[in-house]
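K.L.:
First the structure, then my questions, so here it is.
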Amino acid sequence: MRTIILLGAPGAGKGTIAEGIRSSSPFVHVSTGDMLREAVKAGTPVGQKAEAFMKRGELVPDGVILALVEERLDKGSRDGAYMFDGFPRTIEQARMLDAILEKRAARIDRVFLLDAPRELLISRLTGRRVCRKCGQGYHVVNIPPRKEGICDVCGGDLYQRADDQESTILNRLDVYTRQTESLISFYDKKGVLVRVDSARPRQDTVAEILRVTEALTV
Ligand code: AMP
């Protein structure tokens, strides 16, 4: 089993970079944010519990997140390669992930820290639009759809995530600084942290990460 983590502030590009890696490698994309949004949309008990936290830009309780992650790992993946995006977000979650992996005789191979300046994070988040139907991501300036408000891929409507409003964005960045940033030194001490500049065009960041993952032994 191979495991990598994409770590970085909201707007660092975790989702779009994960998409680029997924399409050129065996890593399956495990995004706790996507899983939670699906649960909210479907109105499941998990979704009902998570919705208010997400709207405020706060973290959803660890127990809910861990159950989602374990459920996903139990489903397995063809090549046994996982890429976590948006998880872990606290030291407690990182410890729980270590325990989950240990049970599976696995460990974290690399943690990629996606680095971008704060002004860029904010402009990426405020301009972000997502297809309601297929989840494809856009940006009003950087990655505009061919027809305003309409997805190029499936023709679905584009919308702005509830937590991409400016006041919530500032809270999410604050939550990242207070609760997630300490993971940088946690993983640095373990010797698995790789810093990657994610202010560049997405394909350059993806290529750099793929070079590292291709060198990982199974
Ligand atoms: P994301 O799509 O990763 O930006 O996540 C959107 C929201 O989902 C976050 O602001 C949190 O409310 C919630 N969330 C996603 N992943 C986690 C996690 N690992 N722990 C707690 N909350 C999470």
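The values are calculated or read from the model by the stated rules, or taken from the named source; none is laboratory data. Every value quoted in this text rests on a predicted model; they were computed, and no experiment measured them. Cβ coordinates were reconstructed from backbone atoms using ideal geometry, including for glycine residues, and neighbour counts include every protein chain displayed. In case anyone asks, the SASA skips ligands and DNA or RNA and just uses the protein heavy atoms, side chains included. Shrake-Rupley method; radii C 1.70, N 1.55, O 1.52, S 1.80 Å.
K.L.:
From the list 81, 105, exactly one residue is more than 20 Å from residue 37 (Cβ to Cβ), away from the ligand (no atom under 16 Å from the Cβ) and open to solvent by 50 Å² or more (accessible area, probe 1.4 Å). Which is it?
P.N.:
On inspection, the qualifying residue turns out to be 105.
K.L.:
Please find, among 42, 94, 52, the residue that is buried (at least 21 other Cβ atoms within 10 Å of the Cβ) and more than 9 Å from the ligand (Cβ to nearest atom).
P.N.:
94
K.L.:
Answer yes if at least one residue in region 187-202 is touching a Ser or Thr at 6+ places or on another chain (Cβ under 9 Å), on the phi < 0 side of the Ramachandran plot, of a type in the set (Lys, Arg) and in contact (Cβ under 8 Å) with a residue 60 or more places away in the chain, and no otherwise.
P.N.:
Within region 187-202 (the criterion being touching a Ser or Thr at 6+ places or on another chain (Cβ under 9 Å), on the phi < 0 side of the Ramachandran plot, of a type in the set (Lys, Arg) and in contact (Cβ under 8 Å) with a residue 60 or more places away in the chain), the answer is yes, since at least one residue qualifies.
K.L.:
Any idea which residue in region 61-76 is nearest to the ligand (Cβ to nearest atom), counting only those that are open to solvent by less than 30 Å² (accessible area, probe 1.4 Å) and in contact with a strand residue (DSSP E or B) (Cβ under 8 Å, 6 or more places away or on another chain)?
P.N.:
Here the answer is 69.
K.L.:
Another question, if that's okay. Among the residues of region 149-203, count how many are touching a strand residue (DSSP E or B) at 6+ places or on another chain (Cβ under 7 Å), crowded, with 16+ Cβ neighbours inside 10 Å, over 22 Å from residue 216 (Cα atoms) and of a type in the set (Phe, Trp, Tyr).
P.N.:
Result for region 149-203: 0.
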